[in-house]
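This report refers to the structure that appears directly beneath it.
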Amino acid sequence: MPDSTTMTQTKPAVLILLGPPGAGKGTQARMLEETFGLVQLSTGDLLRAAVSQGTEAGLAAKAVMEEGGLVSDEIVLAILQDRMAEPDVAKGVILDGFPRTAGQAAALDGLLEENGQSVTAAISLEVDDEAMIARVAGRYTCAKCGEGYHDEFKQPEVAGVCDKCGGTEFKRRADDNAETARARLEAYHAQTAPLIAHYKALGVLEEIDAMGSIDEIASGLGSIVKRVSA
Ligand code: ADP
């Protein structure tokens, strides 16, 4: 029996996926969720849910999202804090699409510090800008389970049937078109890319080439997650 006084309590991992729209953050976060039992936390998904439910935050966010701009830190932090208060986050989280501004990064550091935690790793998915526009403009998801697909790069094995859940309805996001993708890419470079230096200074930055296949990237990411959570 280990002596309880010398046993270390493992803290839940806090992983951040950084990268422009189309870099594959959502796809990879879902794979990490399955492999490592972590919880994917996507502010984009939370905001889209707020928009479709017509909540006050959703109403305020809708137009900005459709233009490809960033929703205010105030709104994003409020929905994130609500989600972080749910019990499943104790399994460890993969933050997908958050933080996206210096203010959000500082708020996250503060929130974690209150619980004696800190960011385990911020993983930057390195990609080529022009390829991102092509990826974003062709992508869609299963309406039932949310599995991601792409007109060119990842079609379901049986046309019209989701590989994962057998669903036959698919949907496309209103902001997944070439024009809005450009605006989102600009917002990424202006406001989010500077966070790479923030996490580098904290000593938690990891970088990965994300121009390969989905499986190649997943395997690289898996190695990083194993190493940082060991
Ligand atoms: P992507 O990473 O492909 O752009 P997301 O689903 O993460 O897609 O985000 C979609 C939109 O939701 C963004 O363009 C932005 O308007 C809004 N959004 C999501 N997360 C944030 C955030 N952390 N801060 C501000 N706006 C956000």
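Being under 17 Å from V93 (Cβ atoms), outside any strand (DSSP E or B) and of a type in the set (V, I, T) is the filter here, so list the residues in the range 35-53 that pass it.
T35, T43
Name every residue in the range 159-211 that is surrounded by 15 or more Cβ atoms within 10 Å (Cβ to Cβ), modelled with pLDDT of 95 or more and polar (S, T, N, Q), in order of residue number.
Answer for the range 159-211, where residues must be surrounded by 15 or more Cβ atoms within 10 Å (Cβ to Cβ), modelled with pLDDT of 95 or more and polar (S, T, N, Q): Q191, T192.
Look through E33, E56 and report the one residue that is free of Cβ contacts under 8 Å to residues at least 60 places away in the same chain, more than 10 Å from the ligand (Cβ to nearest atom) and either within 16 Å of the chain's Cα centre (by Cα) or loosely packed, with under 15 Cβ neighbours inside 10 Å (or both).
Values: E33 fails: free of Cβ contacts under 8 Å to residues at least 60 places away in the same chain.
Sole residue among the options that is free of Cβ contacts under 8 Å to residues at least 60 places away in the same chain, more than 10 Å from the ligand (Cβ to nearest atom) and either within 16 Å of the chain's Cα centre (by Cα) or loosely packed, with under 15 Cβ neighbours inside 10 Å (or both): E56.
For the subset of the range 14-27 comprising residues that are at pLDDT below 95 and more than 9 Å from the ligand (Cβ to nearest atom), which member is farthest from R100 (Cα to Cα)?
Across the range 14-27, the extreme among qualifying residues is T27.
Would you mind telling me which numbered condition in (1) touching a helix residue (DSSP H, G or I) at 6+ places or on another chain (Cβ under 9 Å); (2) outside any helix (DSSP H, G or I); (3) modelled with pLDDT under 95; (4) not aliphatic (A, V, I, L, M) P99 fails?
The failed condition is (3).
Take T180 and decide whether it is of a type outside the set (K, R) and part of a loop (DSSP other than H, G, I, E, B). Write out each step before concluding.
Values: of a type outside the set (K, R): yes; part of a loop (DSSP other than H, G, I, E, B): no.
For T180, the condition - of a type outside the set (K, R) and part of a loop (DSSP other than H, G, I, E, B) - is not met.
Hey, could you check the range 65-93 for residues that are in a helix (DSSP H, G or I) and small (G, A, S) and say which is farthest from A122 (Cα to Cα)? Even if it seems obvious, please write down each step before you answer.
Initially, the range 65-93 is screened for residues in a helix (DSSP H, G or I), giving 65-67, 73-84, 87-91.
So of that shortlist, the ones also small (G, A, S) come out as 78, 90.
Numbers: A78: 22, A90: 18 Å.
Of everything passing the filter in the range 65-93, A78 is farthest from A122 (Cα to Cα).
The values are calculated or read from the model by the stated rules, or taken from the named source; none is laboratory data. Keep in mind that this is a model prediction, so the values were computed, not measured. For neighbour counting, all protein chains shown are included, and Cβ atoms are generated from backbone atoms with ideal geometry for every residue, glycine included.
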